[in-house]
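**Student:** What follows is a structure written as structure tokens; I'll ask about it next.
The values are calculated or read from the model by the stated rules, or taken from the named source; none is laboratory data. In this text, all values refer to a predicted model and were calculated from it rather than measured experimentally. Every residue, glycine among them, receives a Cβ derived from its backbone with ideal geometry; neighbour counts consider all protein chains shown. Protein only, heavy atoms only, side chains kept; ligands, DNA and RNA dropped before computing areas. Shrake-Rupley method; radii C 1.70, N 1.55, O 1.52, S 1.80 Å.
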Amino acid sequence: MNTSSVPPHRLNPAGGSPHADNARLLAHGPVAPVVLPGEVEGVAVLGHEALKDFLSRADVAKDARHFAALRDGRIAAGWPLRTFATVRGMTTADGADHRRLRSLVSKAFTARRVELLRPRVEAMTADLLDGLERAAGGGVVDLVRHFALPLPIGVIGELLGIDAEYRDTLHRLSDRLVATDVGPEEVMAANREMVALLSAVAAGRAERPGDDLTSALIAARDEDGDRLSQEELIGTLLLMVVAGHETTLGLIANAVRALCAHRDQLALLTNGEAGWPDAVEETLRWDAPVSLFPFRYPVRDLTVDGAVIPQGTPVLAGYSAAGRDPAVHGPDADRFDVTRPRRPGAARHLSLGYGAHFCLGAPLARMEATIALARLFTRFPDLDVPETRLPYRSSFVGNSVRALPVRL
Ligand code: HEM
């Protein structure tokens, strides 16, 4: 690309908080050349307006057939980001193919359908909070393990009709698939195991169909193979499992950390001066759980905010950077402020995506996180995070911590 004065930024496969790098790169401009694992050249679009523009372009594709390095055989089988690029589902499809795959599941995620899940999410939250208190036993307890993870995986597991016994394994495998620092053998093994497990789940639902999304997808496959192939069925399940829990887990954990580090903001929520949905929106903006989303590929050389991105380049959507872009969120973009979403003229964040691939699970994610935070802090108003240096997930795609020790 033509921003040759800026040396490409080497993405750290081990992950970590993205904000310092984001700010440094954004200071040079909204589009940055990056080096992906395996010395693959890519680009990250980090500025809010540039990202919005890029995500709405018709000459940008998600189908990996447009990924030049993959097409030319320069991407190894065990490349850590390969599943993101090649999984067969809506997130790697364009146009009519995308609409077909998305429409098969979209009915389950309308605001109305999601609202019907509210009592179940509330009940699960209450049970998990009981378990959290028991596990703490008056001491320190890991909020990720006992709350932020089991809530979303429980909800998506029930929606998909996945038996509870599979859920730990699904999370372990999904963790490997979103990690950016795993070796080729491990990536391929995690992929094989995930496909085998989801195939077993699908076989179980085919035998005993239920009132769940997997059974509905199987019916679509069986009615007419043109609507959904077996590979697309497994790819769609994989996508729903990964997208349906890793992200919400990150949102809950990031919000708890933000609120514990900004007790004045927490007070605005507990005394009713701001609403829990505001805390959810401000966390999405300030500490986006999806930091750099892979990939889109220009189908011809493309100019974004004056920078040329060559055809076939893998481009990452820089959501965590856009959330703190001072050009749209103002000079205090770095400040966590739960009253911001209601400020007149406040820019909306892009952290749930934008355009045709806007997050399908947004209503569900918002509902889960709102219930989780309200119930958690209502029950444990003095909850705090005793440590400030926390272990991050090893991924530059996701942005959240591996564990969150709290005192209730
Ligand atoms: C806080 C939680 C969540 C965040 C931050 C989030 C974020 C995102 C983002 C940024 C995208 C767009 C990716 C891109 O193409 O650039 C996306 C797409 C998607 N999300 Fe979410 N998501 C969340 C929760 C969920 C949940 C709970 C589900 C499912 C139940 C879900 C399912 C999906 C799916 C299927 C897509 C692909 C849509 C498409 O390609 O048409 N997400 N999400």
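**Student:** Given 4 °C and 1.567 mPa s, compute D for segment 70-111 with the Stokes-Einstein relation, Rh being the Kirkwood radius over Cα pairs; round to the nearest whole µm²/s.
**Tutor:** Taking Rh from Cα pairs, D becomes 107 µm²/s.
**Student:** While we're here: Per residue, how large is the accessible surface of segment 25-177? Use a 1.4 angstrom probe and give square angstrom.
**Tutor:** 44
**Student:** At 1.4 Å probe size, with the rest of the protein present, what percent of the exposed accessible area of the chain is carbon and sulfur atoms?
**Tutor:** Carbon plus sulfur share of accessible area: 52 percent.
**Student:** Across the Cα atoms of segment 47-193, what radius of gyration and what greatest pairwise Cα-Cα distance (Dmax) are found, in Å?
**Tutor:** In Å, with Rg to one decimal and Dmax whole: 19.4, 58.
**Student:** Moving on. Relative to a virtual label point 7 Å from the Cα of Ala327 in the Cα→beta-carbon direction, which members of segment 28-46 show backbone nitrogen distances below 13 Å?
**Tutor:** Only 28-32, 45-46 pass the distance filter.
**Student:** Give me the distance between the Cα centres of segment 1-78 and segment 314-362, rounded to whole Å.
**Tutor:** Using only Cα atoms to place each centre, the spacing works out to 18 Å.
**Student:** While we're on this one: Please compute one quarter of the surface area of the Cα convex hull for segment 107-188 and express it in square nanometres.
**Tutor:** Over every viewing direction, the Cα hull of segment 107-188 projects on average to 7.6 nm².
**Student:** Hey, another quick one. Can you give the Rg to Rh ratio for the chain, taking only C-alpha atoms and Rh from Kirkwood? Don't jump to the answer; show the numbers that get you there.
**Tutor:** Details: Rg = 20.7 Å, Rh = 21.8 Å.
My calculation puts Rg/Rh at 0.95.
**Student:** Taking 8 Å as the Cα distance limit and 6 or more residues as the minimum spacing, I'd like the relative contact order of segment 277-408 as a percentage.
**Tutor:** Relative contact order here is 27 percent.
**Student:** If you plug each phi of segment 312-326 into the Karplus form 6.51 cos²θ - 1.76 cosθ + 1.60 with θ = phi - 60°, what whole-Hz ³J(HN,Hα) values come out, in order, with x for Gly and Pro?
**Tutor:** x, 6, x, 10, 9, 8, x, 5, 5, 6, 4, x, 10, 6, x
**Student:** Counting only heavy atoms of the protein chains, get the accessible area per residue of segment 216-363 (1.4 Å probe) and round it to a whole Å² value.
**Tutor:** Here the residues of segment 216-363 average 37 Å² of exposed surface.
**Student:** OK, next. For a Förster distance of 35 Å, can you work out the FRET efficiency between the beta-carbons of Val140 and Ser103, rounded to the nearest 0.05?
**Tutor:** 0.15
**Student:** Something else now. With the cut-off at 1.5 for a/c, could you classify segment 1-125 from its C-alpha gyration tensor as rounded, prolate or oblate? Mind dumping the intermediate values first?
**Tutor:** Details: a/c = 1.89, a/b = 1.50, b/c = 1.26.
It comes out prolate by the Cα gyration axes.
**Student:** Report the local net charge at Ala64: Lys and Arg +1, Asp and Glu -1, summed over other residues whose C-beta lies under 11 Å from its C-beta.
**Tutor:** +4
**Student:** Taking a ≥ b ≥ c as the square roots of the Cα gyration tensor eigenvalues, with a/c under 1.5 meaning rounded and otherwise prolate when a/b beats b/c, else oblate, which class fits segment 294-408? Working shown, then result.
**Tutor:** Details: a/c = 2.07, a/b = 1.74, b/c = 1.19.
Cα axes put segment 294-408 in the prolate bin.
**Student:** Calculate the dipole size of the chain relative to its Cα centre from +1 charges on Lys and Arg beta carbons and -1 charges on Asp and Glu beta carbons; express the result in debye to the nearest 20.
**Tutor:** Using only the charged Cβ atoms, the result is roughly 380 debye.
**Student:** Kindly identify segment 224-329 as rounded, prolate or oblate by the Cα gyration tensor criterion: order the square roots of the eigenvalues as a ≥ b ≥ c, call it rounded if a/c is under 1.5, otherwise compare a/b with b/c, prolate if a/b is larger, else oblate.
**Tutor:** oblate
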